[in-house]
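Reviewing the structure listed below.
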Amino acid sequence: MTSTIYYVASTLDGFIADQHHSLDWLLKQDIDQQGPMNYTDFIGEVGAVLMGASTYEWLLRHQTETGESWPYTQPSWVFTHRDQPAQPGADIRFTSAPVPEVHAEAVKAANGKDVWVVGGGDLAGQFADAGLLDELVVSYAPVTLGAGAPLLPRRLDLRLRETARNAAFIAARYDVVGIAGR
Ligand SMILES: NC(=O)c1ccc[n+]([C@@H]2O[C@H](COP(=O)([O-])OP(=O)(O)OC[C@H]3O[C@@H](n4cnc5c(N)ncnc54)[C@H](OP(=O)(O)O)[C@@H]3O)[C@@H](O)[C@H]2O)c1
């Protein structure tokens, strides 16, 4: 059965990028690619990828800097109100349609696999608002930034299901119980 999962790395103080959309604080951390809650195992179960415009723009900048190609073979949706450069050969759909509509398309395309909400935090929050976010998997890096792009700017009740250490990170898996207080 498809789960919709926000799988993300965060600072200890709840930021997923710094104020300038840099991930330098993250990319320098030690990680065990075969360790608990690792990316390779996760992405193997993902059938559709969803992200916001800033995340897409970070990926484009990263490609320019590293020469890497588009990282996802899965159908991908980018939420944006603006024209964005396409990626040759990649299955990317730019959308500003309502979240439930896009989610239904993504679940269908995922064909039984999971749907990954890459970020940012407010987009993950929009899925939670619509009751469409099932799980959070957060890898906490041993760093604080004081400011930046927020992990998940909502009031939600979560149930902790799993914790583990992966090299420098504390990895934690949560079920989304619902909007706090409801
Ligand atoms: N640490 C990690 O694991 C991780 C994971 C993911 C992302 N990141 C980073 O975190 C940062 C996130 O940036 P962000 O907070 O700005 O979030 P974002 O979701 O990447 O981008 C936000 C933008 O997406 C568009 N958008 C969002 N919801 C929409 C909707 N319902 N319909 C249409 N467009 C919508 C809007 O852009 P427009 O209206 O301007 O088009 C909005 O300004 C980025 O730097 C990213 O690289 C880190």
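Bear in mind that the values in this text are calculations on the coordinates, not laboratory data. All values derive from a computational prediction rather than experimental measurement. Methodologically, a virtual Cβ is constructed for each residue, glycine included, from the backbone with ideal geometry; neighbour enumeration extends over all protein chains shown.
Some notes on this structure:
- Positive-end residue, the stretch 19-129 charge dipole about Cα centroid, Cβ charges, pick of Trp77, Trp116, Asn38: Trp77
- GluC sites (Glu not before Pro) within the stretch 46-89: DSSP coil, no more than 14 neighbouring Cβ in 10 Å: Glu68
- Taking Cβ atoms as reference points and 15 Å as the exclusive limit, the residues near Ser76 contribute a net charge of -1, counting Lys and Arg as +1 and Asp and Glu as -1.
- Projecting label points 7 angstrom from Cα along Cα→Cβ for Val143 and Glu101 puts them 3.8 nm apart.
- Projecting label points 7 angstrom from Cα along Cα→Cβ for Glu45 and Leu23 puts them 2.1 nm apart.
- When the stretch 119-182 is reduced to its Cα atoms, the Kirkwood hydrodynamic radius in Å: 12.7
- Rg/Rg_ref, the stretch 58-182, where Rg_ref = 2.2 N^0.38 Å and atoms are Cα: 1.17
- Placing +1 on each Lys and Arg Cβ and -1 on each Asp and Glu Cβ, with no other charges, gives the stretch 39-182 a dipole about its Cα centre of roughly 320 debye.
- Expected 222 nm ellipticity per residue - DSSP helices of 4 or more, -39500 (n - 2.57), all of the chain, to 500: -7000 deg cm²/dmol
- Relative contact order of the chain, pairs being alpha-carbon contacts under 8 Å that are 6 or more residues apart, as %: 36
- Length gained on full extension, Asp157 to Val177, computed as 0.36 nm times the residue gap minus the Cα-Cα distance: 6.7 nm.
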